[in-house]
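Here is the structure we will look at.
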Amino acid sequence: MILSLAWKNIWRNKKRSLIIIVATALGLWGSLLSGAIWMGWGESMVDTAISRDLAHIQIHKPGYAQNKEIINYIPDGFQILKETQNLPGIAAVSGRTLVEGMAASPTSTFGVKIVGIVPAQAKTVTDIYKRLIEGEYFPDGGGRNPVVIGRKLADRLGLKLHSKIVLSFQDLDGSLNYAAGKIVGIYKTESSLFDQSNVFMRQADLFRLLNTKPLIHEIAIRAESARIMPQVYAAVKANYPQLAVHSWKELAPEVAYTSAAMEAFTYIFIGIILFALLFGITNTMLMAVIERFRELGVLIAVGMKKGRVFTMILLETILLSITGGVAGIVIGAISIVYLAHAGIDLTALASGMETFGASTVLRPFLPLDMYIALPIMIVITASLSAVLPAWKVIHIQPSEAIRTY
Amino acid sequence: MSLIELHDLCKTYNTAAVPVRAVRNVSLQIEKQEFTAIVGPSGSGKTTLLNLIGGLDKPTGGSIFVEGKDIATLKANDLIDFRLHHIGFVFQAYNLIPVFTAKENVEFIMLLQGVSKAKREQRALELLESVGLGDRVNSFPTQLSGGQQQRVAVARALASRPSFVLADEPTANLDSHTAGALLDMMAQLNREFEMTFIFSTHDPRVIKRAHRVVTLEDGAVKSDIRQNEAAEGTE
């Protein structure tokens, strides 16, 4: 009955309550949507980095990160590749042979990383094959030494599809090798830095050019889902203590940090909005209390304990805020779901977005825990808003309040 | 033991200018089932005395015993609890909860007492029936006339099964006919339920029906006259 009284009291001054409900709803809607855009951006950076090259987990020979020489390949790499394929929670694995070298055209030269892959295997872990803007991804009968390069590198070297590209690199003996390849595909990702420095070749061709037995420097692993990635990472690390196992967060801490920062900014922004609303709600409730001064005095006079009156005012404030909050969350969720489906086209800002390695089509995203945290934040805000009005109430002297008109 | 005993009761308000002695050394005994009117000119201390008896204000001197308990010594929360269980209030301006129906207004007091829903619903309906509002139980205060609202207020005052009812100028806002009907009803409740009523009033109709008339002047008892009960029911 006290809950019912609190709810009915809210609607005694419909206009005033609606103003604060609409203000709360709009404030939350705006902050949720902008937060979702930031977080969508952060997620986009993470997703593109994982799908482009990082995968969820990578295995290297210890010290490879510091010295990326060809001799630092993974001992028994193919055996480990086979084993990891069968570990639980792993969706796909891809072995990569990595060689630092130079790419040259008749007009220019550029330092690159030559990535030797098994195309069918690489497709299951990363999605460079989806990013081709010209040509094909290692087509059957693609000729001798087919190569897939990035748009940025092609532009820098002045090369086109089907052009010849000369790659130079050291083999296991330290001798310098030259090999001519034919550009069969040109890709473009969100990162121009990646596009200008990664050249893809078939592993078999690279082994032939290196004149070496099959060897791999990197095993890229994709977990079945991002959610189970930490468990998979722990299992792989435990299985291969002799190797360097890294998660994408360790490999690209700046991406992980940016994603975490986006989430933190969202909470801070929502906190600021709620803090501003706190004053509006306090003002509304103070007015409501002052208007009902006599009535509240009567309630205390007839036997309602001050603690109960305090609770009633607290409930009124919470109900008022929650009504606005729920409306804001619902409108926000609908907007986010719609925009996540439709996407926000930021092609006009493409160059800026590429600098951050984010997709030009932004899909707002808000994690489920934020939908749980928000009502809690609203209840805390409402409770703080109720302190001053409720404080006034518990200091009412019924004998004075009854005679107030 | 009397229902209410006031011993040398004083109340002084310390205003900025000079202390105001609103009640001066009042000593009274009010018995069960009395129909008492406290009268006097404006500023004579009627409302202050009623507030003191009702535990809405603390005396600056003397004592107030209700059913043998000195309510002046009770702590704030205990006093609220005492009012809830022992005192019914009827105010000049009715003071019903506007968002509740007549039935809910009556029920609310019993909710505070912790009475079960079924019992409080039943009693609320009985009380509204007894004050002649059996057909208006679901009406909101704004849908009722002043007299009807005051009847709901009386039903609310009785809902807690109090020891006595304090009515502060209950007929002041009512027309002559409505005030007469309300007094008839209160007199009937006084007879049938042995309910003690204490009024502060200027209204000669209330004074005429009272068993006892206590007249205050400058906060002190000027006269205390017991009247013939035969005056009841005449209007």
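The values are calculated or read from the model by the stated rules, or taken from the named source; none is laboratory data. The model shown is predicted, which means the values in this text are computed figures rather than measured ones. We place every Cβ from the backbone using ideal geometry, glycine too, and count neighbours over all the protein chains shown.
Remarks
- In region A:40-91, the residue that is surrounded by the most Cβ atoms within 10 Å (Cβ to Cβ) out of those that are more than 28 Å from the chain's Cα centre (by Cα) and of a type in the set (Gly, Ala, Ser) is A:77.
- Cβ pairs under 9 Å, 6+ apart, first in region A:66-84 and at negative phi, second in a helix (DSSP H, G or I) and of a type in the set (A, V, I, L, M): A:70/A:210; A:74/A:80; A:74/A:81; A:84/A:236
- Region B:59-73, subset touching a residue at least 40 places away in the same chain (Cβ under 8 Å) and within 21 Å of residue B:13 (Cα to Cα), residue nearest to the other protein chains (Cβ to nearest Cβ): B:59
- Among (1) touching a helix residue (DSSP H, G or I) at 6+ places or on another chain (Cβ under 9 Å); (2) assigned to a helix (DSSP H, G or I) - the single one residue A:116 does not satisfy: (2)
- Pairs are defined by a Cβ separation below 6 Å, a sequence spacing of at least 6 or placement on different chains, a first member in region B:155-166 that is in a loop (DSSP other than H, G, I, E, B), and a second member that is buried (at least 22 other Cβ atoms within 10 Å of the Cβ); the pairs so defined are B:160/B:109; B:162/B:87; B:162/B:88.
- Qualifying residue in region B:94-102 (condition: in contact with a Gly (Cβ under 8 Å, 6 or more places away or on another chain), of a type outside the set (D, E, K, R) and at the interface with chain A (Cβ under 7 Å from one of its Cβ atoms)): no
- Considering region A:256-311, and only residues there that are hydroxyl-bearing (Ser, Thr, Tyr) and in contact (Cβ under 8 Å) with a residue 60 or more places away in the chain, the residue that is nearest to the other protein chains (Cβ to nearest Cβ) turns out to be A:311.
- Residue within region A:372-395 that is farther than 28 Å from residue A:335 by Cβ, surrounded by fewer than 23 Cβ atoms within 10 Å (Cβ to Cβ) and within 14 Å of chain B (Cβ to nearest Cβ) present: yes
To keep it simple, each residue is scored yes or no on (1) in a loop (DSSP other than H, G, I, E, B); (2) farther than 20 Å from residue A:60 by Cα; (3) assigned by TED's automatic domain parsing to the domain that holds residue A:157.
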{"position": "A:172", "(1), (2), (3)": "yes, no, yes"}
{"position": "A:205", "(1), (2), (3)": "no, yes, yes"}
{"position": "A:221", "(1), (2), (3)": "no, no, yes"}
{"position": "A:230", "(1), (2), (3)": "no, no, no"}
{"position": "A:234", "(1), (2), (3)": "no, no, no"}
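- The one condition in (1) closer than 26 Å to residue A:371 by Cβ; (2) away from chain B (no Cβ under 14 Å); (3) of a type in the set (Val, Ile, Thr) that residue A:10 fails to fulfil: (2)
- Test: residue in region A:323-341 that is within 14 Å of chain B (Cβ to nearest Cβ), assigned to a helix (DSSP H, G or I) and touching a residue at least 60 places away in the same chain (Cβ under 8 Å): no
- Within region B:74-91, the set of residues being more than 9 Å from every other protein chain (Cβ to nearest Cβ) and either surrounded by fewer than 22 Cβ atoms within 10 Å (Cβ to Cβ) or part of a loop (DSSP other than H, G, I, E, B) (or both) comprises B:74, B:75, B:78, B:79, B:86.
- With respect to (1) assigned by TED's automatic domain parsing to the domain that holds residue A:378; (2) over 30 Å from the mean Cα position of the chain (by Cα); (3) of a type outside the set (Ser, Thr, Tyr), the lone exception for residue A:215 is condition (1).
- Any hit, region A:322-332, residues being modelled with pLDDT of 90 or more and surrounded by fewer than 17 Cβ atoms within 10 Å (Cβ to Cβ): yes
- Count - residues of region B:103-123 that are more than 8 Å from chain A (Cβ to nearest Cβ) and either β-branched (Val, Ile, Thr) or on the phi < 0 side of the Ramachandran plot (or both): 13
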